[in-house]
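Single-structure report; data block below.
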Amino acid sequence: MTTLLTVQDLSRDFGGVRAVNHVDFEVKQGEILALIGPNGAGKSTVLNMVSGVIPPSEGEIRFANQLMTRVPGYEYAKLGITRTFQNLQTFDDMTVLENVMVGMHTKTHSSLFSCGMSLTTARREERTMQERAHTWLEKVGLSSLASSHAGSLPYGKLRLMEIARAMVAEPKLLLLDEPAAGLNHTETAEMSRMFQEIRENGTAILLVEHDMDMIMTIADRIVVLDQGSKIAEGTPREIQENPCVIAAYLGTEEQVESRG
Amino acid sequence: MKQLTKKWGKSLGIYLALMIIFPFVMPDEYYRSVGIIIGLQAIVAIGLCLVMGLAGQISLGQASFWGIGAYTSAVLTTKFGLTPLVGLVASAIVPAVFAFILGRAIAGLQGYYLAMATLAFGYIVQIGIQEWEPVTGGASGMISIPQVPFFGGSELSMYYLIWGIVTCVLLFSLNLMHSRIGRAFRAIHKSEVAATSMGIDVRKFKLNAFVVSGMFAGISGGLYAHYMGILDPQPFGMHESIKFLTMVVIGGMTSIWGALIGTLVIGFISEGLVMLSEVVPGLQGDVDTIVFGGILVLIVMFMPEGLVPRIRSLYEKAQAKKAAANAEQRVERKAAI
Ligand SMILES: Nc1ncnc2c1ncn2[C@@H]1O[C@H](COP(=O)(O)OP(=O)(O)O)[C@@H](O)[C@H]1O
Ligand SMILES: [Mg+2]
């Protein structure tokens, strides 16, 4: 399998506080890599750097053999990296369908003029966007809510909407920041199945998640962060048996012992 | 067009009907001229709505683009003898260029800083017009600006010309709002981080909104110059900028229709004040500024979303209630059977 994303010696400081400290890892084409660790370990900060939201203080990020450090944030989607957010970033005054259609921005090209004049090309593109957005709303199970305002939806549904919004861009790498937070058992299991399907269709996933059931069932490999540093990397089985990890992280979470 | 009438059928129908019959309901020349001025202001307000409501930036200098448009066409036609049509094209382009340069200069500014920068720009433009006497006529202004040759240039034909253009601007903006570009604007307004991660170049889009709004204001300014026939710098200052801002905020920043309604509301209030000042001698001068300032404060305090979104949500609630009541009735009827 070829390497899609290479993170090398990645660090990030916030005013003297080191949130991420010399972290290395790779995401290979078509795999699910889970990034786990206690709260404040630096997982979201890593995702923010990999998605171009904030620049690294040190280190390199390479995606499909391209150095991403100098690439402006709005180019990431076109290059094939899209994401969801831990603190939801939804467009509340738009409908669910419109939210997902924004995700297709890089896939569409109508100019301001042709949109304002509602030229045939713009209208055709609009229809294509609607169809594709509907397809993804169906996949995440939100078709019946397509014309509701996003602001009126509960938390869990908005997480699904964010996934659809990220997936309509047909990314090579999908970044997910705690997608199962606030979901119940059945919903989490359904989501796990969906992620596996996404992987089957060729999109790699970098998954930050606390739900160990989900991690252990779907992750191909796991990277463990603690206080900004990588303390372990391996298959789910290796991680479960790693004494370092158990001491630093898993040992403090009794749910893992009971479920894992 | 078919799609248009489907999407905004009702509102558009009501708007067109009212707009067309107005000059006959109020056959007075004076009210026609009031209608023309309101139409010109509506074009500016709709452009400002794109910047404020959609792309989420504030502009306290919109009257300066209006002024640049007015003077561009006035100077080109009176000093250089070009036809008003060429002048009007230039009055769309020149303010757009100014908006582009200003937009580039203030890219990245937000909130108060953006407000201050646009305010300063407004002052500079007004002072510039006043001081550039050989071209603009300075404080005493310009006279004998030619009319737009449109069906003889009567009040009535001008009314239909202006409102025809208002309708074009309105449709363009409504189309835009429901397209990938408008959604990108609205996305930026809600979350710049999310918009960026979806591939939207935030700076470029903010600049685009700014340029379009400058262009709309410029077109309106050019038409204003040719309609009035005379120009002086007075109407292109902060007073007018605040008025445009109030129109957009009253109607509801996030709604294109809101900008139009806001313009009408401000127009009615202005006319009311004019009438009142004839009866009450103390009400002369800049009383309208105080009134508009007061309205702005009240709106921000009690109805920050503005008129149109408020009415829309009330209507939706009423519909939902009706639907619920209907459903209940049906259940009861079933039970009775
Ligand atoms: N924008 C920021 N400014 C200052 N400190 C931050 C910022 N973002 C994150 N941090 C700090 O960096 C550390 C890692 O945070 P984060 O990446 O959110 O952790 P995780 O997602 O693993 O819970 C925390 O100590 C947090 O307080
Ligand atoms: Mg986090």
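The values are calculated or read from the model by the stated rules, or taken from the named source; none is laboratory data. Computed from a predicted model, the values in this text were never measured in an experiment. For neighbour counting, all protein chains shown are included, and Cβ atoms are generated from backbone atoms with ideal geometry for every residue, glycine included. Please note that ligands, DNA and RNA were not included when accessible areas were found on the heavy atoms of the full protein model with its side chains. Shrake-Rupley method; radii C 1.70, N 1.55, O 1.52, S 1.80 Å.
Using r as the Cβ-Cβ distance of A:K78 and B:W132, and R0 as 60 Å, what FRET efficiency do you calculate, to the nearest 0.05?
Working: r = 45 Å, r/R0 = 0.76.
The pair A:K78/B:W132 has a calculated efficiency of 0.85.
Couplings 3J(HN,Hα) of region B:257-271, computed from phi: 4, x, 4, 5, 4, x, 4, 4, 4, 4, x, 4, 4, 4, 4 Hz, in residue order, whole Hz [Karplus 6.51 cos²θ - 1.76 cosθ + 1.60, θ = phi - 60°; x for Gly and Pro]. If you line up the long axis of helix B:29-49 against the longest principal axis of chain B, both from Cα atoms, how many degrees apart are they, to the nearest 10? Compared with the principal axis, the helix lies near 70 degrees. Dipole check for region B:166-283: with +1 at the C-beta of Lys and Arg, -1 at the C-beta of Asp and Glu, and the Cα centre as origin, the magnitude is about 700 Debye. Heavy-atom surface analysis with a 1.4 Å probe gives region B:76-191 a carbon and sulfur content of 71 percent of its accessible area.
Ignoring any ligand, DNA or RNA, what whole percent of the accessible area of region A:90-170 comes from carbon and sulfur when the probe is 1.4 angstrom? For region A:90-170, the apolar C and S fraction of the accessible surface comes to 53 percent.
Semi-axes of the equivalent ellipsoid of region B:140-245: what are they in whole Å, largest first, if each equals the square root of 5 times a C-alpha gyration tensor eigenvalue?
On the way: eigenvalues 245, 62, 19 Å².
Semi-axes (√(5λ), whole Å): 35, 18, 10.
Using a simple spin-label model with pseudo-atoms 7 Å out from Cα toward Cβ, B:L85 and B:I21 lie 3.5 nm apart. Can you pull the percent of Cα pairs in region B:197-242 with separation above 18 Å? Counting pairs separated by more than 18 Å, the tail of P(r) holds 49 percent.
Rounded to a whole number, what is D in µm²/s for chain B from Stokes-Einstein with the Kirkwood radius over alpha-carbon pairs (10 °C, 1.306 mPa s)? Answer from the Stokes-Einstein relation: 75 µm²/s.
Label separation (B:Y30 vs B:A120): 4.4 nm, computed from points 7 Å beyond Cα along the C-beta direction.
Of the Cα atoms belonging to the protein assembly as shown, the radius of gyration and Dmax stand at 28.7, 91 Å.
Under unit Cβ charges (Lys, Arg +1; Asp, Glu -1), what dipole magnitude, rounded to 20 debye, does the protein assembly as shown have relative to its Cα centre?
On the way: 47 positive and 51 negative charges, 326 e Å.
For this selection, approximately 1560 debye.
Placing unit charges on each Cβ (+1 for Lys and Arg, -1 for Asp and Glu) gives region B:186-337 a dipole about its Cα centre, and among B:M247, B:Y227, B:Q329 the Cα reaching farthest toward its positive end belongs to B:Q329. Largest GNM mean-square fluctuation across B:I290, B:I46, B:I269, computed for chain B with C-alpha springs under 10 Å, falls on B:I290. Using R0 = 56 Å, the C-beta based FRET efficiency linking B:S154 and B:Q329 works out to 0.50.
For region B:197-235 and region A:215-238, what is the separation of their Cα centres, given in Å? The distance from the Cα centre of region B:197-235 to that of region A:215-238 comes to 54 Å.
Coupling constants for region A:210-222 follow from the phi torsions by the Karplus curve (6.51 cos²θ - 1.76 cosθ + 1.60, θ = phi - 60°), and in residue order they are 9, 6, 5, 4, 4, 4, 5, 7, 10, 6, 7, 9, 10 Hz; glycine and proline get x.
Taking B:I219, B:I21, B:I266 in turn, the Gaussian network model of chain B (Cα-Cα springs below 10 Å) assigns the largest fluctuation to B:I21. A 1.4 Å probe run over the protein chains yields, for the protein assembly as shown, 45 Å² of accessible area per residue, whole-number rounding. Buried between A and B is an accessible area of approximately 2700 Å², summed over both sides with a 1.4 Å probe. Residue-wise HN-Hα couplings along region B:316-327, as the Karplus relation 6.51 cos²θ - 1.76 cosθ + 1.60 with θ = phi - 60° gives them from phi, are 4, 5, 4, 4, 4, 4, 4, 4, 5, 4, 4, 4 Hz; Gly and Pro carry x. Which FRET efficiency value, to the nearest 0.05, do you get for A:E60 and A:Q240 by plugging their Cβ-Cβ distance into 1/(1 + (r/R0)^6) with R0 = 22 Å? After rounding to 0.05, the efficiency reads 0.10.
Per residue Cα convex hull volume for region A:90-170, in cubic angstrom?
Numbers: hull volume 6.8 nm³, N = 81.
Expressed per residue, the convex hull around the Cα atoms of region A:90-170 is 84 Å³.
Counting only Cβ charges, +1 for Lys and Arg and -1 for Asp and Glu, the dipole size of region A:90-170 around its Cα centre is about 160 debye.
Mean residue ellipticity at 222 nm from the helices of chain B, using -39,500 (n - 2.57) per DSSP H segment of n ≥ 4 over the full residue count, to the nearest 500 deg cm²/dmol?
Working: 15 runs with 259 residues, N = 337.
The helix-only estimate for chain B comes to -26000 deg cm²/dmol at 222 nm.
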